[in-house]
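Read the structure below first, then the notes.
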Amino acid sequence: MTINLKEKERLDELQRNGYRIIQNPEKFCFGMDAVLLSGFARAKEGDHLLDLGTGTGIIPILMAAKTQCAHLTGLEIQAESADMARRSVALNGLSDKIDIITGDIKEAGSLFKAASFDCITCNPPYMIGQHGLTNPEDAKAIARHEILCTLEDVIREGAKLLKTGGHFFLVHRPFRLAEIMTTMSQYSLEPKRMRLVYPYVDKEPNMVLIEAVRGGRPRLTVEKPLIVYEAPGRYTREIYDVYGY
């Protein structure tokens, strides 16, 4: 299928099933955190999955490539990003399997039927507030800072939409780990699995991957660390595997 790119857009290869994605580098391009989340998340055959704040649709597209989900939905508040996501879905022949909805995470509980998803993924804005921002309406700022939604918004609305026993997958920053855990518990999402991501083996972690279960029993498994680089410019074998190289 051919598709017309808009000004400053580009097509990037995803190294999975021949899939490609439309992005505009002047707006926002997906990062390693989204790819690592898609590698950490688990979904069973027949599951219905929702990605909150899907951006240009990277996580639903990767999860469609990696899993046997019956259907996937991406929710995105920025109309331009949602439009790119829809065109990427069509480009990859996934329009029957992936829906992209333009809407606000804070209203997700009213946009979808309660307890209607088996899995929810989210790569939310990490930074608190608007400190240091020159343009809070900039697409990159919205993706990185809690301008349009907060961590609590993501967890609260996700909990509404998950079935009992459903799985919530989140990538975030370790400096907010205590807040993440307490907020999940507040909304009956029990943290079950956690993995810290380190840029190098001798550096502090800069990402955390968390799986929680709605209504789950207390028991947290901490997985072995994930190291990104074995040397400057050279990924570890596990990172190459996640990317599909």
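When residue 65 is tested against (1) free of Cβ contacts under 8 Å to residues at least 40 places away in the same chain; (2) hydrophobic (A, V, I, L, M, F, W, C); (3) surrounded by fewer than 24 Cβ atoms within 10 Å (Cβ to Cβ), exactly one condition is not met: (1). I'd like to check something: does segment 89-107 contain any residue that is closer than 22 Å to residue 22 by Cβ, modelled with pLDDT under 95 and of a type in the set (Gly, Ala, Ser)? Scanning segment 89-107, I find no residue that is closer than 22 Å to residue 22 by Cβ, modelled with pLDDT under 95 and of a type in the set (Gly, Ala, Ser), so the answer is no.
Taking the options 149, 119, name whichever one is buried (at least 16 other Cβ atoms within 10 Å of the Cβ) and either modelled with pLDDT under 95 or among the polar types (S, T, N, Q) (or both). Lay out the reasoning, then the answer.
On the way: 119 fails: either modelled with pLDDT under 95 or among the polar types (S, T, N, Q) (or both).
Result: 149 is the single residue among 149, 119 that is buried (at least 16 other Cβ atoms within 10 Å of the Cβ) and either modelled with pLDDT under 95 or among the polar types (S, T, N, Q) (or both).
Among the residues of segment 35-72, write down those that are of a type in the set (A, V, I, L, M, F, W, C) and in a strand (DSSP E or B).
Start the filter on segment 35-72 by keeping residues that are of a type in the set (A, V, I, L, M, F, W, C), which leaves 35-37, 40-41, 43, 49-50, 52, 58-59, 61-65, 69-70, 72.
Across segment 35-72, the qualifying residues are 49, 50, 52, 72.
Looking only at segment 73-106, count every residue that is of a type in the set (Asp, Glu), assigned to a helix (DSSP H, G or I) and free of Cβ contacts under 8 Å to residues at least 24 places away in the same chain and tell me the total. Lay out the reasoning, then the answer.
Just the residues of segment 73-106 that are of a type in the set (Asp, Glu), to begin with: 76, 80, 83, 96, 99, 104.
Subsequent filtering for residues that are assigned to a helix (DSSP H, G or I) retains 80, 83.
Of the ones still in play, those that are also free of Cβ contacts under 8 Å to residues at least 24 places away in the same chain are 83.
Selection size over segment 73-106: 1.
All conditions but one from (1) at pLDDT 95 or above; (2) over 11 Å from the mean Cα position of the chain (by Cα); (3) farther than 23 Å from residue 165 by Cβ; (4) not charged (D, E, K, R) apply to residue 69; the one that does not is (3).
In segment 25-44, is there at least one residue being in contact with a Pro (Cβ under 8 Å, 6 or more places away or on another chain), more than 27 Å from residue 117 (Cα to Cα) and free of Cβ contacts under 8 Å to residues at least 24 places away in the same chain?
Here is the first cut: in segment 25-44, the residues in contact with a Pro (Cβ under 8 Å, 6 or more places away or on another chain) are none.
No, segment 25-44 contains no residue that is in contact with a Pro (Cβ under 8 Å, 6 or more places away or on another chain), more than 27 Å from residue 117 (Cα to Cα) and free of Cβ contacts under 8 Å to residues at least 24 places away in the same chain.
Filtering segment 162-191 to residues that are crowded, with 17+ Cβ neighbours inside 10 Å and either touching a Ser or Thr at 6+ places or on another chain (Cβ under 7 Å) or of a type in the set (Gly, Ala, Ser) (or both) leaves 166, 169. Taken across segment 21-32, residues that are modelled with pLDDT under 95, small (Gly, Ala, Ser) and within 11 Å of the chain's Cα centre (by Cα) do occur, with at least one present. Number of residues in segment 29-45 that are touching a Ser or Thr at 6+ places or on another chain (Cβ under 9 Å) and of a type in the set (Asp, Glu) equals 1.
Conditions (1) hydrophobic (A, V, I, L, M, F, W, C); (2) over 25 Å from residue 60 (Cα atoms); (3) modelled with pLDDT under 95, marked per residue:
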site	(1), (2), (3)
124	no, no, yes
127	yes, no, yes
132	no, yes, yes
156	no, no, no
172	no, no, no
190	no, no, no
214	no, no, no
221	no, yes, no
226	yes, no, no
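Residue under question is residue 159, and the condition is that it be assigned to a helix (DSSP H, G or I), of a type in the set (A, V, I, L, M, F, W, C) and surrounded by fewer than 14 Cβ atoms within 10 Å (Cβ to Cβ); does it hold? Write out each step before concluding.
Values: assigned to a helix (DSSP H, G or I): yes; of a type in the set (A, V, I, L, M, F, W, C): yes; surrounded by fewer than 14 Cβ atoms within 10 Å (Cβ to Cβ): no.
So residue 159 fails the test.
Selection of segment 15-34 for residues being out of contact with any strand residue (DSSP E or B) (no Cβ under 6 Å at 6 or more places or on another chain) and in a loop (DSSP other than H, G, I, E, B) yields 15, 16, 17, 18, 19, 25, 26, 27, 30, 31.
Residues that are within 20 Å of the chain's Cα centre (by Cα), of a type outside the set (D, E, K, R), surrounded by fewer than 13 Cβ atoms within 10 Å (Cβ to Cβ) and over 18 Å from residue 59 (Cβ atoms) occur at least once in segment 235-243.
The values are calculated or read from the model by the stated rules, or taken from the named source; none is laboratory data. The shown structure was predicted, so the numbers you read here are calculated from the model rather than taken from an experiment. A quick note on method: Cβ atoms are made from the backbone with ideal geometry, for glycine too, and the neighbour counts reach across all protein chains shown.
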